[in-house]
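Every number in this text was worked out from the coordinates using simple rules, so none of it is lab data. Being a predicted model, the structure only gives us computed values, none of them experimental. When we count neighbours, we look across all protein chains shown, and the Cβ atoms used for this are built from the backbone with ideal geometry, even at glycine.
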Amino acid sequence: MFHIVRRVSLLKLLDLPEDAEKLAEMMGTKNTLEYTAQVSQIGSTHMGTVWRTCGFISHPDEIKALQIGEAFFYSKETGKVTKMKAKRSIQSNVLYAS
């Protein structure tokens, strides 16, 4: 289902929710802050909370929303995810970033 080349993972999605979840799990999680706000019927109370939590580096819903020809490139070395356009070469059956 996927190939690892010098720490780069290429995953061919099969349009199944489990595939997006597997890819998100492969990329891992990052520390993040979650904010809540308290409101009343007349508006903000200026009160809330901040929670330290972990979230997916790339959420499965973002992966599922990719259109044909779009991909996420994830670098384990930098921990960055970049959305990119990809083209398939008919001659070599290889994906190229554009």
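Sorted fewest first by neighbouring Cβ atoms within 10 angstrom, LYS83, LYS22 come out as LYS83, LYS22.
Net charge of the neighbourhood of MET26, taken over other residues with C-beta under 11 Å away and scored Lys/Arg +1, Asp/Glu -1, is -1. Extending 7 Å from the Cα toward the beta-carbon at both VAL50 and LEU66 defines two label points whose distance is 3.3 nm.
Taken along the Cα-to-beta-carbon direction at a fixed 7 Å, the label points for MET84 and TYR35 span 3.2 nm. Remark: SER40, SER58 ranked as SER40, SER58, counting other beta-carbon atoms within 10 Å and listing the fewest first.
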